[in-house]
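*Asks:* Once you've had a glance at the structure underneath, I'll fire off some questions.
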Amino acid sequence: MTNKENTPKYHVTKKDLTRTSLRFNWICVNLFNYESQLGPSLVWSMAPLLRKIYPKDEDYKASLRNHFNYFNTTPYLTNLVLGTTIAMEERDGIKSLEAVQSFKTSIMGPLAGIGDTIFWVLWPTIMGSIAGYMALQGNPFGAIIWFGVNILFNIMKVWFFHVGYNSGTHLLDTLGNKINIFTEAASIMGITVIGALVATVVKVSVPFVFKFGKVSMNIQTDVLNKIMPALLPALFTYFIYKLLDNKKWTPTKIIFLVIGIALLGTFCGIFKA
Amino acid sequence: MTIIQDILIIILAGYMTMDEDGIVLLTYFPVIVGFVTGLIMGDMHTAMVVAGTFQLMMLGVAALGGASVPNYGLATIVGAFVAIRTGSGIKTAIAVGIPVGLLAIQLEVLRRIIANFVAHKMEKLNEAGKWRQMLNWGYAGPVLCFLETALPTALIVFAGPTAVTMVLKVVPKWITDGLTVAGGLLPVVGIAMLLHYMPLKKFLPFLIAGFVLAAFLKLPIIGIALLGLGAAYWYFENEVAKSNPQTTAVTPNSAEDDYDE
């Protein structure tokens with residue numbers, strides 16, 4: 001891949017990398033669209049640096065055209081990818097575009113798997129339940145910690161960009177196998193936490209009292225709780241999970257269905273607020 | 001004084017979306033935006049109680065792969081604003097917050113459709129070599145994000161929170177109660193979506209373990225998470241050890257299937 005270039009090469013500086021990383025992290029999903037997803041954001045954030053790498057208009061245009069293509073993975077880890085592509089384009093110029101594209105396409109699936117599991121499932125779920133229960137008491141301490149960690153995350157994102165630039169292809173190659181194992185391992189933790197959420201966060205109870213002559217029976221406390229705790233939440237989760245298998249039931253439709261059930265149940269006196 | 005609060009609340013709501021879809025400092029997570037709402041409105045206790053309620057509703061809800069989910073952050077801002085300004089309680093906050101949070105789903109979809117036109121415009125400007133203009137069009141993204149949540153908030157702020165509570169008084173009790181019940185049920189949608197996203201079939205025993213630890217043993221979530229971490233560590237070490245003896249680099253294709261929607 002390493003060919004001698006005729007044009008004098010631009011040397012990407014650390015400042016360039018930090019600046020491009022910050023540009024990306026700032027714009028990020030702001031330009032998200034359904035067709036190319038993060039594509040325009042990649043172009044917008046990298047354009048100034050790519051201009052330095054490609055002094056020729058036609059090359060610059062081709063490089064941007066390449067980055068307008070569909071791309072989506074967890075933004076935190078996108079920094080790693082962009083750092084790597086910058087290194088590739090700096091080294092091989094316009095000849096690298098095909099390699100850049102196939103690198104991006106091949107890496108976004110595995111990275112989304114690991115990134116989404118950690119940054120969008122595990123972290124907000126665990127932190128959210130801790131901070132959420134604190135907040136119910138009127139205590140903002142959990143929220144403040146969360147905000148503090150977000151600052152650290154931002155430093156980490158910029159660091160990822162530098163790591164990607166310095167050892168991107170090498171790092172992702174050696175990780176190759178392990179990325180999937182790591183994602184699966186993180187999924188184990190995620191699924192365990194989700195199991196706990198079903199029992200604690202989903203709240204359905206039927207304080208409905210049956211009366212047979214003089215005997216009255218509370219469905220929730222006398223029947224359901226005797227079978228097992230959190231029975232209804234478990235059944236309800238299973239029902240919605242199955243419903244999602246059906247492509248006709250989009251999440252939005254299901255949300256309205258759930259609200260409908262809640263309203264109807266409350267109207268009939270089955271549920272109580 | 002109240003006018004300054006009004007303006008700050010609208011700016012907070014608009015900035016929230018820019019931040020959540022951008023640098024992710026403030027995020028749209030209810031407890032953090034609720035904290036800022038509490039600072040602006042000068043009533044931390046009410047703001048945090050409202051925020052905590054919506055935070056728990058939101059657990060499990062994750063906008064993965066570009067999916068749109070109810071905006072519980074906006075629900076928190078608007079709900080806490082109305083509840084504090086009118087001195088009405090948490091039920092008002094929920095009754096106002098949930099519909100607004102749901103409406104925001106449609107607004108997000110709309111914004112991303114408009115962003116499609118912006119993307120095409122930028123591509124055309126690239127082809128034309130008008131790069132300065134292309135970069136300027138990029139700012140349409142943050143502007144659209146800001147408007148997405150600032151506009152509905154402005155509507156409620158200007159319509160006046162008293163008007164909102166007046167409407168709520170006319171609404172029959174079973175509707176406001178029903179929305180509170182819905183609040184307890186709604187996390188189920190996010191959780192079910194997450195389960196679809198995760199390799200559930202392979203790791204079903206861990207779902208059951210988490211459920212039992214929480215439902216029967218009443219273990220706090222952080223304890224359950226730590227046990228999950230232990231299991232994850234054990235699995236990782238085992239699998240890496242298994243794959244190492246044959247030093248041939250096997251390309252893992254099969255595992256990716258689990259994450260495809």
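*Asks:* Sum -39500 (n - 2.57) across every DSSP H segment of at least 4 residues in chain B, then divide by the residue count to get the 222 nm mean residue ellipticity, nearest 500. Each step should come with its number before you reach the end.
*Replies:* Working: 12 runs with 196 residues, N = 261.
Only helices count here, giving -25000 deg cm²/dmol.
*Asks:* May I pose another question? Among B:49, A:202, what is the fewest-to-most ranking by other Cβ atoms within 10 Å? Present the calculation step by step, with values, prior to reporting the outcome.
*Replies:* Details: B:49 22, A:202 26.
Least to most surrounded, the residues fall as B:49, A:202.
*Asks:* Still on this structure, I have one more. With a point put 7 Å past each Cα toward its Cβ, work out how far residue B:117 is from residue A:51 in nm, to one decimal.
*Replies:* 2.7
*Asks:* Loop-only check: which chymotrypsin sites (Phe, Trp or Tyr not before Pro) in region B:147-240 are DSSP coil with at most 14 other Cβ within 10 angstrom?
*Replies:* B:216
*Asks:* While we're here: If I take the Cα coordinates of region A:1-114 and project them onto the principal axes, what are the three extents in Å, biggest first?
*Replies:* 39, 26, 23
*Asks:* Bin by bin, in steps of 10 Å, what percent of the Cα pairs in the protein assembly as shown do you find, going until the bin that has the longest distance?
*Replies:* 4, 17, 27, 25, 16, 8, 2, 1, 0, 0
*Asks:* Run the quick spin-label model on residue B:217 and residue B:8: label points 7 Å from Cα toward the beta carbon, then report their separation in nm to one decimal.
*Replies:* Taking the simple label geometry, residue B:217 and residue B:8 are separated by 4.6 nm.
*Asks:* Would you mind computing, in nm to one decimal, how far apart the modelled labels at residue A:151 and residue B:208 are, each placed 7 Å from Cα along Cα→Cβ?
*Replies:* Label at residue A:151, label at residue B:208, 4.6 nm between them.
*Asks:* Would you mind checking the radius of gyration and Dmax of region A:204-267 based on alpha-carbon positions, in Å?
*Replies:* Expressed in Å, the Cα Rg and Dmax of region A:204-267 come to 15.0, 48.
*Asks:* Sticking with this one: Could you work out how far the C-alpha centroid of region B:161-221 sits from that of region A:47-66, in angstrom?
*Replies:* Spelled out, the Cα-based centre of one part sits 48 Å from the other.
*Asks:* Further, regarding this structure: Could you list the square roots of 5 times each eigenvalue of the Cα gyration tensor of chain A, that is, the equivalent ellipsoid semi-axes, sorted largest first and rounded to whole Å?
*Replies:* Semi-axes, largest first: 51, 19, 17 Å.
*Asks:* Restricting the calculation to Cα positions, tell me the Rg (one decimal) and the Dmax (whole number) of chain B in Å.
*Replies:* In order Rg, Dmax, the Cα atoms of chain B give 22.5, 72 Å.
*Asks:* Sticking with this structure for a sec: Looking at region A:58-98, which trypsin sites (Lys or Arg not before Pro) are DSSP coil and have at most 12 other C-beta atoms within 10 Å of their C-beta?
*Replies:* Listed in order of number, the matching sites amount to none.
*Asks:* From other protein chains only, count the Cβ atoms within 10 Å of every residue's Cβ in A:144-155, then give the mean.
*Replies:* The shielding value for this peptide is 3.
*Asks:* Could I ask something else about it? 222 nm [θ] for chain A, helices only, -39500 (n - 2.57) per DSSP H run of 4+, per residue, to 500?
*Replies:* Calculated mean residue ellipticity at 222 nm is -23000 deg cm²/dmol.
*Asks:* For chain B, which longest stretch is free of loop sites, where a loop site is one of the trypsin sites (Lys or Arg not before Pro) that DSSP puts outside H, G, I, E and B and that has at most 15 other Cβ atoms within 10 Å?
*Replies:* With trypsin sites (Lys or Arg not before Pro) excluded where exposed in loops, chain B gives B:1-129 as its longest stretch.
We did not get these values from a lab; they are worked out from the coordinates using the rules stated. These figures come from a predicted structure and were not determined experimentally. When we count neighbours, we look across all protein chains shown, and the Cβ atoms used for this are built from the backbone with ideal geometry, even at glycine.
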